[in-house]
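> Quick one: structure below, then a few questions.
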Amino acid sequence: HLAQAYLFCGPRGVGKTTCARIFAKTINCNNIGESGEACDKCESCLSFNTLRSFNIHELDAASNNKVDDIRLLTDQVRIPPQVGRYSIYIIDEVHMLSSSAFNAFLKTLEEPPSHAIFILATTEKHKIIPTILSRCQIFDFHRIRVEDIVNRLSFVAKNESVAAEEEALHVIAQKADGALRDALSIFDQIVSFSGRNIKYGDVIENLNVLDYEYYFRAVDAALERNITKLLMIFNEVLEKGFDGHNFVAGLNSHLRDLLVSTDQATISLLEATPSVRQRYLKQASGSPVSFLINALDAGSACDLAYKNSKNQRLHVELFLIRMSRLNVEQVPEPEKKKPDKLAPPVKEDEIPAPPKSEILRERPASNAVQLSTSASQKDERFQGKRSFSVKDIISEDQDTYSTNREKVIDTITQPQDNRTNEIITPEKFASVWTEFTEEVKSDGPRIASMFKSIRPELLEDNSILLHLSNAAQCDLFVQNYKQRMIVYIERRFSNCVPDIKAIVDQSESGGIIYSDEQKYNYLVSRYPSLKEIRKSFNLDFE
């Protein structure tokens, strides 16, 4: 059974147009064999073989993509064949037709004359409009496997009296990326370069392909955690004129091949000659799966960010260093018992033990300081003292710390010296509030003005109620200063766990002060076009 239209789609170089011609020849054969092949003896087959057939018409849609070209084709379709039963029209790269040309072609494609058959070929099926696809029988062509390309190249080399190494043909097949036409073109190029004796070295030199030996050496160096050797291998690659990006892509492919070689179920995915396959199996047996997966992850990230890197060589070297560190054995470190107190062991009734959470509160992890003063020196300096300072403990190593770490220590320890066990009272709280207000003045005049307008109130349950003028001030205080104030009060009064509540007291300001978002919503309610303006220019409330 023959349809009125066929669509052959698939990647380049897989034989779409060639199959269309063979199909067109077979359709008009007068003596088709039992296997469905043309006889090559009848008049139609002989005319096709000698390129004088008037029943097969080819049209390149890439250069004939206008409406007028389709109209000429439509007029030609009406003419019946002179010899044979069918007129076959092969339209290559049909996705290049314009929208108007597609629409002009629809009617003819749906109801062609009984003697007309259309065979369309394309590499981009998604660009063809659905109304065309619905009128065709679709056949998808896939990339040709490396093994099949190697077998075909071996057949061609044997017929042309060319001696070729199997590994050399594998490199050509992998370079072709599933396209037999590209593989044959590369094969012709290699024959012109190296004569009738094709060797592996000649192929990688002519095609500018990096020898897989470099990848095996690189992975071995990474497994040995030999960073120097790994960087020297990369330097050798660059000195041979290869691009760093190609090295990263090739190394990622090598890691992928090693990963599929670790399991018998996936070893069939490895495309290599038998000798190279054995090398992959040997190296994969000594490579942990976790190492290969993490190395692939790091290599993929390096590949994606390579073009945007300012120093591309350093970018690749960092990836290689990370890869060499992936094989570090994770030996669990013995747990170090942290001292319960920073002070030397003395009687509990002499020195109150400050909770560690209070000493380290709000201390960034990057600013952590390791105390290295010896225990004997601590005993001499702190005997008889009822309080101490972290600053005193690290005074002997003060020259080794940066200015930023000194500031962090000062910030942590200064309130500790002012701690008191006294019960908080309204008078003492007012004093602490004044000190805190003076401290936050450095954040800017807006903050200083806000704290000046706040009216604090200490309630009977020791909770603190803050009266603010508007909602904007309330949000600002809660987000940026509430937790800071809680910590400040806790440091001053050991028996106080403050509960701070902030409310908006409109009577303090005599009116309502709206936030930026409230102002914006009000303006949008009056001027709806303002919303479109904000979206167009990507504006914010402030």
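> With r as the distance between the Cβ atoms of Leu2 and Asn480 and R0 = 56 Å, compute the FRET efficiency 1/(1 + (r/R0)^6) and round to 0.05. Please list the in-between numbers first.
Numbers: r = 78 Å, r/R0 = 1.39.
Between Asn480 and Leu2 the formula returns 0.10.
> Calculate the FRET efficiency for Asp68 and Asp148 from the Cβ-Cβ distance with a Förster distance of 35 Å, rounded to the nearest 0.05.
Working: r = 42 Å, r/R0 = 1.20.
Approximately 0.25, to the nearest 0.05.
> Per-residue HN-Hα couplings for the stretch 267-284, Karplus 6.51 cos²θ - 1.76 cosθ + 1.60 at θ = phi - 60°, whole Hz, x for Gly and Pro?
5, 5, 7, 7, 9, 7, 6, x, 5, 5, 4, 5, 5, 5, 5, 5, 6, 5
> Would you mind calculating the gained length between Asp297 and Asn226 on full extension (0.36 nm times residue separation, minus the Cα-Cα distance), in nm to one decimal? Intermediate results must be reported in sequence, preceding the final value.
Numbers: separation 71, 0.36 × 71 = 25.56 nm, distance 2.01 nm.
Value of the extension gain: 23.6 nm.
> By the gyration tensor of its Cα atoms, with a ≥ b ≥ c the square roots of the eigenvalues, what is the shape of the stretch 187-307: rounded for a/c under 1.5, prolate for a/b over b/c, or oblate?
Numbers: a/c = 1.92, a/b = 1.30, b/c = 1.48.
Note, shape of the stretch 187-307 comes out oblate.
> Ordering Ser525, Ser287 by accessible area with a probe of 1.4 Å, largest first, what comes out? List each step's numbers first, then the result.
Working: Ser525 85, Ser287 10 Å².
Largest accessible area first, the residues go Ser525, Ser287.
> Which pairs in the list Lys240/Lys282; Lys66/Lys127; Lys66/Lys107; Lys175/Lys307; Lys158/Lys199 are over 19 Å apart, alpha-carbon to alpha-carbon? Before the final figure, lay out each step's value.
Working: Lys240/Lys282 28 Å; Lys66/Lys127 16 Å; Lys66/Lys107 16 Å; Lys175/Lys307 22 Å; Lys158/Lys199 15 Å.
Exceeds cut-off: Lys240/Lys282; Lys175/Lys307.
> Rounded to the nearest 0.05, what FRET efficiency do Asn208 and Ser99 give with R0 = 45 Å and r taken as the Cβ-Cβ distance? Could you check? Write out the running numbers ahead of the final one.
Numbers: r = 41 Å, r/R0 = 0.92.
E between Asn208 and Ser99, to the nearest 0.05, is 0.60.
> If I model a spin label as a point 7 Å beyond the Cα along the Cα-Cβ vector, how far apart are those points for Arg277 and Val487 in nm?
Calculated label separation equals 6.3 nm.
> Return a whole-number percent for the relative contact order of the stretch 81-133, with Cα pairs under 8 Å and 6 or more residues apart as the contact set. If you can, show how the numbers build up before the last one.
Numbers: 48 pairs, mean separation 28.0, N = 53.
Worked out over the stretch 81-133, it gives 53 percent.
> Something else now. Using Cα-Cα distances under 8 Å and only pairs 6 or more residues apart, what relative contact order does the stretch 240-302 have, in percent? Mind showing how you got there, number by number?
Details: 37 pairs, mean separation 27.9, N = 63.
Relative contact order comes out at 44 percent.
> Out of residues 5 or more away from Leu7 or on other chains, whose amide H comes under 5 Å of its own, with H placed 1.01 Å from N in the peptide plane?
Leu120, Gln137, Ile138, Phe139
The values are calculated or read from the model by the stated rules, or taken from the named source; none is laboratory data. Values in this document were obtained by computation on a predicted structure and should not be read as measured data. Ideal geometry is used to build each Cβ from the backbone, glycine not excepted, and the neighbour counts take in all protein chains shown. Please note that ligands, DNA and RNA were not included when accessible areas were found on the heavy atoms of the full protein model with its side chains. Shrake-Rupley method; radii C 1.70, N 1.55, O 1.52, S 1.80 Å.
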